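The values are calculated or read from the model by the stated rules, or taken from the named source; none is laboratory data. Model, not experiment: these values are computed from the prediction. Using ideal geometry, Cβ is built from the backbone for each residue, glycine included, and neighbour counts are taken over all protein chains shown.
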Amino acid sequence: MFDLVAANHHGAGWMTTGFAVFLWSSLPIIAAIFVYRVVRDVRAFRRATGADRVDLSDRLLGWATALVIIAGSLFLATHRLWTAWASKL
Amino acid sequence: MTFGKIMNPANVVTSTRLLVLPVAAWAMATHRVVLALVLLIYSGVIDLIDGSIARYFNCAGPFGEMLDAISDAGLFLVILVTAAVTGYVDPVPVAAFLGAGVINALGRVIHIRRVGRVTNFRSYASESLGGATFFVLVAVLLDFYVETAVWSMTILTVIVVVHDYWRILTLPRESEAGHV
């Protein structure tokens with residue numbers, strides 16, 4: 001029977017693999033939104049002063065955090081897909 | 001604050017996130033993964049749209065902000081504790097992550113005391129982490145490198161908490177900026 005969740009890091013069922021595929025397939029949209037908003041906030045940060053500048057500094061830390069999360073998720077997704085399918089080829 | 005002000009469409013929708021928590025915990029404990037995922041996604045979608053509902057019905061307010069934050073914290077707490085107790089994930093990274101979350105919450109209490117009114121401290125970095133935590137909860141249910149994901153989130157949370165505490169304790173009380 002095809003496993004639903006699978007796992008213990010040694011394989012993947014369709015839901016786990018689907019999550020990995022979802023992370024990769026949503027990348028074009030996520031990347032486009034990410035770049036647009038980061039460029040917007042960096043430009044605003046250059047002009048901002050006082051409390052607005054502190055607020056934008058917080059936003060930029062948020063984007064840096066998001067970048068680490070996205071990159072980490074994609075790395076794990078790639079590894080999961082490899083573990084599940086490519087290694088069986 | 002009157003009952004009529006609390007009972008508005010946005011708060012009613014947000015409060016359903018608290019109501020589904022016991023069902024989600026039961027679903028996890030009995031390994032009904034699909035049901036737990038559906039409830040998790042429901043909670044995430046409501047979190048995305050409740051702000052828009054509040055603006056549409058012109059009923060946004062500090063109580064709704066706090067209810068939203070409490071719903072987030074309740075979701076993370078219940079799902080992760082259930083996951084640790086029922087063997088989805090090692091309890092040590094969960095305890096570290098939730099500990100960082102408690103320190104984060106204490107910072108918000110300090111902020112409320114400093115400004116003298118009930119308000120949710122605005123931290124974009126913290127919101128970013130909160131959004132990512134939904135994906136971590138999905139990862140927990142799907143056994144998607146769970147310990148790695150939770151440890152990573154713990155490290156990022158500590159960085160953001162240090163940054164938030166610095167802002168909470170050093171910013172002048174009257175200079176809290178609105179989001180740009």
Looking for something of a type outside the set (Phe, Trp, Tyr), surrounded by 16 or more Cβ atoms within 10 Å (Cβ to Cβ), at pLDDT below 90 and touching an Asp or Glu at 6+ places or on another chain (Cβ under 7 Å) - is there at least one such residue anywhere in the stretch B:103-119? no
How many residues of the stretch B:61-80 are surrounded by fewer than 18 Cβ atoms within 10 Å (Cβ to Cβ), hydrophobic (A, V, I, L, M, F, W, C) and more than 18 Å from residue B:104 (Cα to Cα)? The answer is 1
When restricted to B:54, B:60, the only residue part of a loop (DSSP other than H, G, I, E, B), of a type in the set (Gly, Ala, Ser) and at pLDDT below 90 is B:60
Restricted to the stretch B:96-144 and to residues being in a helix (DSSP H, G or I) and of a type in the set (S, T, N, Q), the residue nearest to the other protein chains (Cβ to nearest Cβ) is B:128
> Looking at residue B:74, is it in a helix (DSSP H, G or I), more than 12 Å from chain A (Cβ to nearest Cβ) and farther than 30 Å from residue A:53 by Cβ?
Replying inline: yes
Residue count, the stretch B:90-102, condition over 16 Å from the mean Cα position of the chain (by Cα) and buried (at least 20 other Cβ atoms within 10 Å of the Cβ), comes to 1
Residue pairs qualifying under the 9 Å Cβ cut-off, at least six apart or on distinct chains, with the first in the stretch A:44-70 being touching a residue at least 24 places away in the same chain (Cβ under 8 Å) and under 17 Å from residue B:127 (Cβ atoms) and the second being in a helix (DSSP H, G or I) and hydroxyl-bearing (Ser, Thr, Tyr), are A:63/B:124; A:63/B:128; A:66/B:128
So, first residue within 12 Å of another protein chain (Cβ to nearest Cβ) and touching a residue at least 60 places away in the same chain (Cβ under 8 Å) in the stretch B:32-45, second residue outside any helix (DSSP H, G or I) and surrounded by 14 or more Cβ atoms within 10 Å (Cβ to Cβ), Cβ within less than 6 Å, six or more apart or across chains; the pairs are B:33/A:5
Taking the stretch A:31-80 and keeping residues assigned to a loop (DSSP other than H, G, I, E, B) and either exposed (fewer than 14 other Cβ atoms within 10 Å of the Cβ) or in contact with a strand residue (DSSP E or B) (Cβ under 7 Å, 6 or more places away or on another chain) (or both) leaves A:49
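So is residue B:87 without any contact (Cβ under 8 Å) to a residue 24 or more places away in the chain, within 12 Å of chain A (Cβ to nearest Cβ) and touching a helix residue (DSSP H, G or I) at 6+ places or on another chain (Cβ under 9 Å) or not? Outline the logic, then answer.
Working: without any contact (Cβ under 8 Å) to a residue 24 or more places away in the chain: yes; within 12 Å of chain A (Cβ to nearest Cβ): yes; touching a helix residue (DSSP H, G or I) at 6+ places or on another chain (Cβ under 9 Å): no.
The answer is no for residue B:87.
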